[in-house]
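Participant: Before we start, here is the structure in question, set down as structure tokens.
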Amino acid sequence: MTPVSNAPRQLLRRLHRIMAGAGSAEQRLTEVVRLVASNMIAEVCSVYFMRGGEILELFATEGLKESAVHNTRLRAGEGLVGHIAATGLPLNLSNAQKHPKFVYRAETGEEIYHSLMGVPILRAGKVVGVLVIQNKTQRQYMQEEKESLQTVAMVMAELVASGDLFDPLELQEATLERAATSRFEGVVFAEGMAEGVAIFHEPKIEVIKHLTDNIPQEKTRLAAALMALQEQIEEMMSAEDVRHQGEHQEILDVYMLFAKDKGWKSKIEAIIDTGLTAEAAVEKVQLNNRARMQKMTDPYLRERLSDLDDLANRLNRHLMGIVGTAASENLPDKVILIAQNMGPADLLDYDREKLCGVILQDGSQTAHVSIVARALGIPMVGQVGEAVLTVAESERVIVNGVEGIVYFSPPTEVLQSYQESIESRNAMLAEYDALRDLPAKTLDGVDVELLVNAGLSIDIEGLKRTGATGVGLFRTEFQFMVSASLPRVGPQAEFYREILESADGKPVVFRTLDIGGDKPVSFLKRDDEANPALGWRAIRIAFDRPALLRYQVRALLKAAEGRELSIMFPMISDVSEFKMAREILDKEITRQKKRNSPLPKKIRVGTMLEVPALIWQLDNLLPLLDFISIGSNDLMQFFFACDRENPKLAGRYDPISPPALKMLKSIVDKCNDYKVPITLCGEIGGKPVTALALLAIGFRRLSIAPASVGPVKMMIRSLDLAGVEDYMAGLLSRSDHSLRGLLIAFAKDHGIKI
Ligand code: PEP
Ligand code: MG
């Protein structure tokens, strides 16, 4: 029994009539469930609304016992209806009673119904009810039917908004109910600490009119809003600080691509054709996108969902005449932005002087907005959940982007202690700034070279701010990760040239693409690998897809025209792999020469050392290299067989331990024998105490995050290196799990600032 193809349109037309008709809200609700049941050939159609914030109450039904109305109540999470409310996702079951969440309620008489389809009723993104249909037979409802049910659910949200069914404040008050002062936990997306007043990034938008009988007018409104959206993006693209930042430009390019996408427009128009207003149609298309994209396993594509959400919201703001976010308002001095999620472009809209921190209901660490927040040094805590909805505009807020905690209206003592630690953090930062132009030289006169790790053009700011001597690791994959398609040679070269130019003569070591593993890109389909860190990644991909590396190398050669180019390869496991990579580079150099194209004035070629096997090939490898760089993040995970991403294993093994330090020392010693410069560019170089251990075993060059340069330099300048070298020599033969405690005690005794 499939509905006839014009059923959705017919359904909407009748729905429109009911909604515009006379009668109480309850009567209209009853008419709607009757209509849905008959139109969708369902034996049951019921609607539940959320009361008191967490109880779902049956408000109307066609098919279940009349007496159950207002008597059947479920907690969110209880039964199938509660499950739909708790997850906010539709459910489509041919045999509902087999579902683990099924609970039987005698008063409804629903035991004879087998199939069930339910969708959440959403208002401004929040679940306010559930709409369900049921049939006796075990049938699988079709996609088209699910969409119809979702449309009806959208319209039902209007009834809640009207306040005729029950006081909508009941919903709000229930959710706002929380302790006067609250502490919530989230995830650190960008490090730092801040305190200020809560400002909602977007005035909450809610579609209040869903149905229309003037379809051409809605299409004209849509076209005008799309135009305004494109203009808005264009404006953002030409903003002074975005023009100089390649990756932000890229992100906006992707936005523009979506905004001009004919497919998007025609999907919205097709829904308008069924009788929905333009804004309801935008919401519906986004609902479908969300359902589709949430199922995707590729994290890159799932991230694009937040970009799309952002765009759909922007479009709806144009349609409803609510243009602009809080960024265009008159803001107080210390702003903590509150948002469900936001796009990177949104963040760039704000006045940097005033924006102190961000709290997101959702979001993820790898989302563009988090990358941008880290690059701008704006503390950001995400995945705080619905708790975010309990904050009031202008309420005082603390963002602890070190431990992933936020406070709303903190008690005075907590606020004071945070203000003190923010102040002392700032004082520390000022102290580090003061070291900017001083050398990283130990008390006994040994020079150490401190370089920075970078991946965004904005990171070059860090190079300047810290006074580091160059970029020891430029992770080129970021440009690829934020791009919807493979960046072509021209834009790649342009980006690298910009980096070299802004580095202002300081050396930059470019690492060729290190994609795969934890770094997905959209243009390369990957298998689900059981062990992605050990899988098809980095140089291994490049050997199977040589054009990727060839084009990148070509772009690098072009970009470094007349300058020095330093280039290294990730995840090299044996000498033959280095030779193969080098061969690709040499072929490109020959190609440039043949075409009389300009070349860098000098090319230095090196490799990352991240795979332990390479340590036993150094005698063969080192004579072939200009430099080597230890990627300790990967090297340690392979050395200890310990996933670097697994939080349960964090801190289980210590690089400041005899086996790890002995291994690292053997590499340094070999490099010194062969006079090959060696750098360490993993995270361990960035912590003063680990950096101390590294210096003690012979490292003299570290490439670290810009924020680590100050603390590590301060440690170096307080250090008598000969003393710590002697001490360390005596420790390496011990069998301790970690030497950290001993080293910290030594540092304290000898005034080393760690
Ligand atoms: C490393 O593995 O230590 C490294 C620097 O590379 P990435 O963290 O980018 O894998
Ligand atoms: Mg690595």
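Participant: Among the listed residues Val521, Val508, Val448, which satisfies the condition of being among the aliphatic types (A, V, I, L, M) and in contact with a Gly (Cβ under 7 Å, 6 or more places away or on another chain)?
Facilitator: Unique residue meeting the criteria: Val508.
Participant: I'd like to check something: does the stretch 393-416 contain any residue that is among the small types (Gly, Ala, Ser) and in a helix (DSSP H, G or I)? Spell out how you get there, then give the answer.
Facilitator: At the first step, the residues of the stretch 393-416 found to be among the small types (Gly, Ala, Ser) are 394, 401, 404, 409.
Next, only the ones that are in a helix (DSSP H, G or I) stay: none.
Checked against the condition, which is being among the small types (Gly, Ala, Ser) and in a helix (DSSP H, G or I), the stretch 393-416 yields no hits at all.
Participant: Tally the residues that are within 16 Å of ligand 1 (Cβ to nearest atom) and modelled with pLDDT of 95 or more, restricting the search to the stretch 671-684.
Facilitator: Looking only at that region, the number is 4.
Participant: Suppose we keep only residues that are of a type in the set (S, T, N, Q) and more than 16 Å from ligand 1 (Cβ to nearest atom) within the stretch 520-578. Which one would you say is surrounded by the most Cβ atoms within 10 Å (Cβ to Cβ)?
Facilitator: Here the answer is Ser522.
Participant: Return the residues of the stretch 698-707 that are modelled with pLDDT of 95 or more and open to solvent by 10 Å² or more (accessible area, probe 1.4 Å); say none if nothing qualifies.
Facilitator: Gly698, Arg700, Arg701
Participant: Also, I was wondering about something else. Which one of the conditions (1) in contact (Cβ under 8 Å) with a residue 40 or more places away in the chain; (2) open to solvent by 10 Å² or more (accessible area, probe 1.4 Å); (3) within 16 Å of ligand 2 (Cβ to nearest atom) does Arg465 fail to meet, given that it meets all the rest?
Facilitator: (3) is the only condition that Arg465 fails.
Participant: Do we find that Glu66 is open to solvent by 30 Å² or more (accessible area, probe 1.4 Å), over 36 Å from the mean Cα position of the chain (by Cα) and free of Cβ contacts under 8 Å to residues at least 12 places away in the same chain in this structure?
Facilitator: Here the answer is yes, as Glu66 does meet what is asked.
Participant: Have a look at Leu165, Leu169 and point out the one that is open to solvent by 60 Å² or more (accessible area, probe 1.4 Å) and modelled with pLDDT under 85.
Facilitator: Working: Leu165 fails: open to solvent by 60 Å² or more (accessible area, probe 1.4 Å).
After applying the criteria, what remains is Leu169.
Participant: Let me ask you something else. When you go through Phe59, Phe49 one by one, which is the residue that is more than 36 Å from the chain's Cα centre (by Cα) and closer than 24 Å to Gly21 by Cβ? Walk me through it before giving the result.
Facilitator: Values: Phe49 fails: more than 36 Å from the chain's Cα centre (by Cα).
Just one listed residue meets the conditions, Phe59.
Participant: State yes or no: is Gly516 buried (at least 16 other Cβ atoms within 10 Å of the Cβ), in contact with a Lys or Arg (Cβ under 7 Å, 6 or more places away or on another chain) and small (Gly, Ala, Ser)?
Facilitator: Against the criterion (buried (at least 16 other Cβ atoms within 10 Å of the Cβ), in contact with a Lys or Arg (Cβ under 7 Å, 6 or more places away or on another chain) and small (Gly, Ala, Ser)), Gly516 qualifies.
Participant: Restricting the search to the stretch 555-593, which residues are within 16 Å of ligand 2 (Cβ to nearest atom), small (Gly, Ala, Ser) and under 23 Å from Arg497 (Cβ atoms)?
Facilitator: Ala581
Participant: Got a sec? Which helices (runs of 4 or more DSSP H) wholly within the stretch 607-725 have at least 3 residues that are more than 15 Å from ligand 2 (Cβ to nearest atom) and more than 20 Å from Ser738 (Cβ to Cβ)?
Facilitator: Numbers: elements: 618-621, 632-639, 658-673, 688-696, 706-716.
Where helices (runs of 4 or more DSSP H) fall fully within the stretch 607-725 and carry at least 3 residues being more than 15 Å from ligand 2 (Cβ to nearest atom) and more than 20 Å from Ser738 (Cβ to Cβ), they are 618-621, 658-673, 706-716.
Participant: Would you confirm whether or not the stretch 650-663 contains a residue that is within 12 Å of ligand 1 (Cβ to nearest atom), surrounded by fewer than 23 Cβ atoms within 10 Å (Cβ to Cβ) and at pLDDT 95 or above? Full working, then the answer.
Facilitator: To start, the set of residues in the stretch 650-663 that are within 12 Å of ligand 1 (Cβ to nearest atom) comprises 655.
From what's left, surrounded by fewer than 23 Cβ atoms within 10 Å (Cβ to Cβ): none.
No - not one qualifying residue is present in the stretch 650-663.
Participant: Exactly one of these conditions fails for Asn92: (1) touching a residue at least 24 places away in the same chain (Cβ under 8 Å); (2) over 33 Å from the mean Cα position of the chain (by Cα); (3) surrounded by fewer than 22 Cβ atoms within 10 Å (Cβ to Cβ). Give me its number.
Facilitator: Of (1) touching a residue at least 24 places away in the same chain (Cβ under 8 Å); (2) over 33 Å from the mean Cα position of the chain (by Cα); (3) surrounded by fewer than 22 Cβ atoms within 10 Å (Cβ to Cβ), only one is false for Asn92: (2).
Participant: Report yes if Glu494 is over 16 Å from Lys519 (Cα atoms), of a type outside the set (A, V, I, L, M) and without any contact (Cβ under 8 Å) to a residue 12 or more places away in the chain, otherwise no. Give the derivation first.
Facilitator: Values: over 16 Å from Lys519 (Cα atoms): yes; of a type outside the set (A, V, I, L, M): yes; without any contact (Cβ under 8 Å) to a residue 12 or more places away in the chain: no.
No: the conditions fail for Glu494.
Participant: Across the stretch 218-229, what is the total count of residues that are surrounded by fewer than 14 Cβ atoms within 10 Å (Cβ to Cβ) and either in the same structural domain as Ala161 (by TED's automatic domain parsing) or farther than 29 Å from Ser148 by Cβ (or both)?
Facilitator: Counting residues in the stretch 218-229 that are surrounded by fewer than 14 Cβ atoms within 10 Å (Cβ to Cβ) and either in the same structural domain as Ala161 (by TED's automatic domain parsing) or farther than 29 Å from Ser148 by Cβ (or both) gives 1.
Participant: Of all residues being under 21 Å from Asp273 (Cβ atoms) and touching a strand residue (DSSP E or B) at 6+ places or on another chain (Cβ under 7 Å) in the stretch 1-54, which is modelled with the highest pLDDT? Just the residue, please.
Facilitator: This residue is Val36.
Participant: Restricting the stretch 708-727 to residues that are within 25 Å of Ile628 (Cβ to Cβ) and open to solvent by 10 Å² or more (accessible area, probe 1.4 Å), which is nearest to the chain's Cα centre (by Cα)?
Facilitator: That would be Ser708.
Participant: Let me ask another. If you take the residues in the stretch 50-62 that are surrounded by fewer than 23 Cβ atoms within 10 Å (Cβ to Cβ) and touching an Asp or Glu at 6+ places or on another chain (Cβ under 9 Å), which one is farthest from Glu158 (Cα to Cα)?
Facilitator: In this case the residue turns out to be Glu62.
Participant: Separate question: Inside the stretch 469-493, can you point out the residues that are more than 21 Å from Met608 (Cα to Cα), of a type outside the set (S, T, N, Q) and in contact with a Lys or Arg (Cβ under 9 Å, 6 or more places away or on another chain)?
Facilitator: Ala484, Val489, Gly490, Ala493
Participant: Would you mention how many residues in the stretch 353-376 are part of a loop (DSSP other than H, G, I, E, B), in contact with a helix residue (DSSP H, G or I) (Cβ under 7 Å, 6 or more places away or on another chain) and modelled with pLDDT of 85 or more?
Facilitator: Residues in the stretch 353-376 being part of a loop (DSSP other than H, G, I, E, B), in contact with a helix residue (DSSP H, G or I) (Cβ under 7 Å, 6 or more places away or on another chain) and modelled with pLDDT of 85 or more: 1 in total.
Participant: Continuing with this model, one more query. Out of everything in the stretch 319-333 that is modelled with pLDDT under 90 and in a helix (DSSP H, G or I), what residue ends up being most open to solvent (accessible area, probe 1.4 Å)?
Facilitator: Ser328
Participant: Within the stretch 64-88, which residues are farther than 21 Å from Leu165 by Cα and not in a helix (DSSP H, G or I)?
Facilitator: Gly77, Glu78, Gly88
The values are calculated or read from the model by the stated rules, or taken from the named source; none is laboratory data. Since this is a predicted model, take the numbers as computed values, not measurements. FYI the Cβ positions are ideal-geometry reconstructions off the backbone, even for glycines, and counts take in every protein chain you see. Side chains included, ligands, DNA and RNA excluded: accessible areas come from the protein's heavy atoms. Shrake-Rupley method; radii C 1.70, N 1.55, O 1.52, S 1.80 Å.
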